[in-house]
Amino acid sequence: MKKTDIKKLLKSAEKPAQDARRLHPFYRGKIEVVPKCRVRDFNDFAIWYSPGVASVCLDINKNLELAYEYTNKWNTVAVVSDGTRVLGLGDIGPEASMPVMEGKALLYKYLGGVDAFPICLGTKDQQEIINTVKILQPSFGGVNLEDIAQPKCFPILNTLRKECHIPVWHDDQQGTALVTLAGLINALKVVNKKISKIKIALIGAGAANMCIARIIMLYGANPANIIMTDLGGTLHKGRTEFKIAQPEKWDMCVQTNAQGVLGGIKETMENADVVISLAAPGPNVIKKEWIKGMAKNPIVFACANPVPEIWPWEAIEAGAAVVATGRSDFENQVNNSLGFPGVFRGTLDARAKTITDNMCITAAEELASCIPNNKIKPNKILPTMDDWQLYPRVAAAVGVKAIKEKVADKKMTYDQFYDQAVKMIKRSRAITSNMMQEGLIKSSK
């Protein structure tokens with residue numbers, strides 16, 4: 001690639017950050033609360049508030065499930081973070097994490113028709129986070145954990161999934177795993193390889209890759225052919241320091257890397273068919289020569305944010321057959337926003353009590369199928385956010401799977417879930433469009 005072309009790409013890669021600094025203070029936030037009921041005159045407040053509302057409160061007091069029918073609980077998600085692992089920025093605190101959580105809430109509403117609220121906690125204590133989420137349950141239909149550092153993110157999610165009566169999801173784990181699996185399903189079709197036969201290198205052993213490993217193994221990847229590496233090198237049975245301190249990592253030490261490969265990223269990638277990297281932001285975390293040492297037609301997912309571990313054009317020059325990143329300004333974006341809006345739309349509509357791993361795999365399969373086999377290309381392994389129909393499709397698939405998994409309180413067909421999702425998503429988009437047209441959401445220009 002010419003130097004002039006690279007300079008243009010780098011300049012383009014810097015533009016989102018420049019625009020973000022200009023537009024965030026202009027709008028002073030990305031979401032707000034607006035009424036969804038009619039207010040014809042002030043007499044209506046006797047219905048929506050006192051005295052009329054008392055009768056509704058008493059009904060719910062007798063039957064708590066009526067909260068899903070009489071309030072917006074059925075369509076609400078709390079986006080909860082302590083700000084300890086924000087994007088590629090690390091522990092920047094709850095206030096600094098607010099723009100991310102607001103952005104998440106915006107995506108929930110616009111892409112899934114879900115009302116989400118950012119809740120950034122002024123604590124890093126594992127048990128306090130667990131207790132806080134548990135006592136928030138009466139107000140929400142589900143919880144999205146976000147940007148919580150490991151290792152505490154694992155017991156927080158596991159405990160809340162067991163002890164909460166509403167679905168709790170950690171998007172950095174399940175969401176990333178879902179979309180990565182969807183991309184991998186279609187990338188393997190490009191190179192004509194089977195997941196059960198390939199060698200997979202996982203660079204980084206954080207929350208995302210730990211869940212990715214679990215999900216792809218459940219989908220059919222051979223644990224013996226998976227090698228994971230962290231800052232200390234490859235995971236193997238000799239890394240006994242994880243036995244007590246980080247049992248999730250120790251489990252991977254035992255299950256994977258049957259050959260006992262030692263070393264770092266270079267050794268992990270040798271002869272691998274696929275590398276999935278969610279490590280430190282790059283570039284130059286992954287080197288071109290390491291890609292050259294992979295198997296024929298290698299697949300490279302370099303998904304660190306805000307800068308991938310290797311620039312995609314460098315990976316292609318090194319021989320990669322398929323390259324994906326986490327960025328929307330490059331082709332093949334492996335982005336959680338393709339997954340969580342539809343997953344929670346279907347979960348909420350099914351009134352599911354949890355989101356199982358099998359529901360995640362079903363969502364991944366549905367997402368992958370949104371691109372017909374004859375349309376899959378090296379630079380087109382996933383749909384993009386503007387392919388809006390992917391969201392009701394994922395929602396419907398998840399809703400049906402929740403019923404099959406026996407975790408749903410509502411029973412509907414695929415078509416009913418799909419129609420409900422379409423209705424909610426179109427409504428959200430229409431509200432935004434109308435407010436822009438009326439000047440209620442102002443242009444920055």
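The values are calculated or read from the model by the stated rules, or taken from the named source; none is laboratory data. Only a predicted model underlies this, so the values are computations on that prediction, with no experimental measurement involved. No Cβ is skipped: glycine too gets one built from the backbone with ideal geometry, and neighbour counts run over all protein chains shown.
Residues that are over 27 Å from residue 84 (Cβ atoms) and β-branched (Val, Ile, Thr), at least 1 per element: which helices (runs of 4 or more DSSP H) completely within the stretch 185-264 meet that?
By residue number, 247-255.
Of all the residues that make up the stretch 95-120, how many are assigned to a strand (DSSP E or B), over 19 Å from residue 431 (Cβ atoms) and among the charged types (D, E, K, R)?
Residues meeting the conditions: 0.
Six or more apart or on different chains, Cβ atoms under 7 Å: show the pairs whose first residue is in the stretch 338-365 and on the phi < 0 side of the Ramachandran plot and whose second is crowded, with 24+ Cβ neighbours inside 10 Å and among the basic types (Lys, Arg).
Close Cβ pairs (under 7 Å, with a partner that is crowded, with 24+ Cβ neighbours inside 10 Å and among the basic types (Lys, Arg)) amount to 358/401; 359/401; 362/401.
Tally up the residues in the stretch 49-96 that are of a type in the set (A, V, I, L, M, F, W, C) and more than 30 Å from residue 337 (Cα to Cα), please. Talk me through it step by step, then tell me what you get.
Step one: list which residues in the stretch 49-96 are of a type in the set (A, V, I, L, M, F, W, C), which gives 53-54, 56-58, 60, 64, 66-67, 74, 77-80, 86-87, 89, 92, 96.
So of that shortlist, the ones also more than 30 Å from residue 337 (Cα to Cα) come out as 53-54, 56-58, 60, 64, 66.
So the answer is 8.
Pick from 243, 249, 197: which is at pLDDT 95 or above and surrounded by fewer than 24 Cβ atoms within 10 Å (Cβ to Cβ)?
197
Return yes when residue 204 is surrounded by 15 or more Cβ atoms within 10 Å (Cβ to Cβ) and at positive phi and no when it is not.
Here the answer is yes, as residue 204 does meet what is asked.
List, please: which pairs have Cβ atoms under 9 Å, are six or more places apart or on different chains, and start with a residue in the stretch 10-39 that is more than 28 Å from residue 434 (Cβ to Cβ) and surrounded by 10 or more Cβ atoms within 10 Å (Cβ to Cβ) and end with one that is of a type outside the set (Gly, Ala, Ser) and at pLDDT 85 or above?
10/311; 13/307; 13/311; 13/327; 13/330
Test of understanding: among 111, 87, which residue is surrounded by fewer than 20 Cβ atoms within 10 Å (Cβ to Cβ), of a type in the set (A, V, I, L, M, F, W, C), within 23 Å of residue 326 (Cβ to Cβ) and within 14 Å of the chain's Cα centre (by Cα)?
Just a single option satisfies the conditions, and that option is 87.
Looking only at the stretch 265-289, how many residues end up being of a type in the set (A, V, I, L, M), touching a Lys or Arg at 6+ places or on another chain (Cβ under 9 Å) and part of a helix (DSSP H, G or I)?
1
Please work out which residue is farthest from residue 208 (Cα to Cα), limiting yourself to the stretch 275-293 and to residues that are touching a residue at least 40 places away in the same chain (Cβ under 8 Å) and either among the small types (Gly, Ala, Ser) or touching a helix residue (DSSP H, G or I) at 6+ places or on another chain (Cβ under 7 Å) (or both).
Within the stretch 275-293, the subset touching a residue at least 40 places away in the same chain (Cβ under 8 Å) is 275-281, 285-286.
If we keep only those that are either among the small types (Gly, Ala, Ser) or touching a helix residue (DSSP H, G or I) at 6+ places or on another chain (Cβ under 7 Å) (or both) too, we end up with 275-280, 286.
Numbers: 275: 14, 276: 10, 277: 10, 278: 7, 279: 10, 280: 13, 286: 18 Å.
Only one residue fits best here, namely 286.
Return yes when residue 6 is among the β-branched types (Val, Ile, Thr), modelled with pLDDT of 90 or more and either part of a loop (DSSP other than H, G, I, E, B) or out of contact with any strand residue (DSSP E or B) (no Cβ under 6 Å at 6 or more places or on another chain) (or both) and no when it is not. Step through it out loud before you land on a result.
On the way: among the β-branched types (Val, Ile, Thr): yes; modelled with pLDDT of 90 or more: no; either part of a loop (DSSP other than H, G, I, E, B) or out of contact with any strand residue (DSSP E or B) (no Cβ under 6 Å at 6 or more places or on another chain) (or both): yes.
It is false that residue 6 is among the β-branched types (Val, Ile, Thr), modelled with pLDDT of 90 or more and either part of a loop (DSSP other than H, G, I, E, B) or out of contact with any strand residue (DSSP E or B) (no Cβ under 6 Å at 6 or more places or on another chain) (or both).
Checking the conditions here, which among 86, 143 is at pLDDT 95 or above and either of a type in the set (S, T, N, Q) or touching a helix residue (DSSP H, G or I) at 6+ places or on another chain (Cβ under 7 Å) (or both)? Walk me through it before giving the result.
Numbers: 86 fails: at pLDDT 95 or above.
Of the residues listed, the single one that is at pLDDT 95 or above and either of a type in the set (S, T, N, Q) or touching a helix residue (DSSP H, G or I) at 6+ places or on another chain (Cβ under 7 Å) (or both) is 143.
Within the set of pairs 6 or more residues apart or between chains, which connect a residue that is touching a residue at least 60 places away in the same chain (Cβ under 8 Å) inside the stretch 218-234 to a residue that is among the acidic types (Asp, Glu) with Cβ atoms less than 9 Å apart?
218/357; 219/365
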